[in-house]
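Reviewing the structure listed below.
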Amino acid sequence: MAPTVASAGAGATTDRTPGPRARRRPDLAWLGLTPFAVYVLLFLAVPAVIAVGSGFTTGDGAFTLANLAAFTDPSVLRAFGGSFGLSAVSAVVGAVLGALVCWALAALRPDGLVRSVVDAAAGVLAQFGGVMLAFAFIATIGAQGLVTTWLVSAFGLDLNAEGAFLYTVPGLVIPYVYFQVPLMVLTFMPALEGVKAQWGEAAATLGASRATYWRRIALPVLAPAFWGSLLLLFANAFSSFATAAALIAQGGIVPLTIRTQLTSETIIGLQHVAGVLALGMVVVMAVVMGAYSLLQRRAARWQR
């Protein structure tokens, strides 16, 4: 009877095994990405293609490369220079201050009250911008701001003695840093938490000083994450528009120059210059975000 039972069991197993023609059920999990994909297509991809493509057409819709001559216009070059300078300065200041905040938070309990409050505030303030942020700084350090008038009355110090500093491209560094620091806290804190205490203990056991540990172990490990966060802050400032538009009426940076080109033609003989400037921004953002992706991929090895 044993061979019979074995044979029956084998036959039952064979019957339950799907044949070569059996079809697998389709995986429908990807359908969950459909709403997001439609959103990206309609509100990001299509507008970007239309904006960039308009820089290669004439008023009649014919293809042309003549509009690329806008990159030789002094006003356009000054706009890109202003955007690079503003983005670089605000990114460096925000990255340094944010890294210091992260270093102070690392000594606190992750589930403590102070840490929770700072994390929540960073998440909110990193998205705080536009007209509300501009109004807050106008009311604080504007021409008749609270801090401005107090400094004049108390110390005789006028922040706007040589002109309204807040309403210039260099003055934009102040409100930009306001949302750059929280963004740095959000992006750099996971990397700092990835540094294991055992590494410092092992280095001390081998006779390394605290300075040697930071110079030879901690800083090399944190460097990719820091530089990646710095590039993210640069991209964030380079693409910001609403706060600058609320404070500065004319150009000076690329987003404001694009607005000017859309409302009035300032480069004689060229059309659709806004699309050419958008192309320049897309190229810059692609390079920056590509470098950011490479650095984050390297930093992720230490955060697993």
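Derivation of every value follows stated rules applied to the coordinates shown; laboratory data play no part. Values in this document were obtained by computation on a predicted structure and should not be read as measured data. Note that we place each Cβ from the backbone using ideal geometry, even for glycine, and neighbour counts take in every protein chain shown.
Key figures
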read-out	value
Region 115-136: number of residues that are in a helix (DSSP H, G or I) and either within 30 Å of residue 190 (Cβ to Cβ) or without any contact (Cβ under 8 Å) to a residue 12 or more places away in the chain (or both)	15
Enumerated helices (runs of 4 or more DSSP H) restricted to region 33-114, each holding at least 2 residues that are under 22 Å from residue 254 (Cα atoms) and of a type outside the set (A, V, I, L, M, F, W, C)	46-53, 74-105
Filter pass, residue 69 being over 18 Å from residue 188 (Cβ atoms), surrounded by fewer than 15 Cβ atoms within 10 Å (Cβ to Cβ) and touching a residue at least 40 places away in the same chain (Cβ under 8 Å)	yes
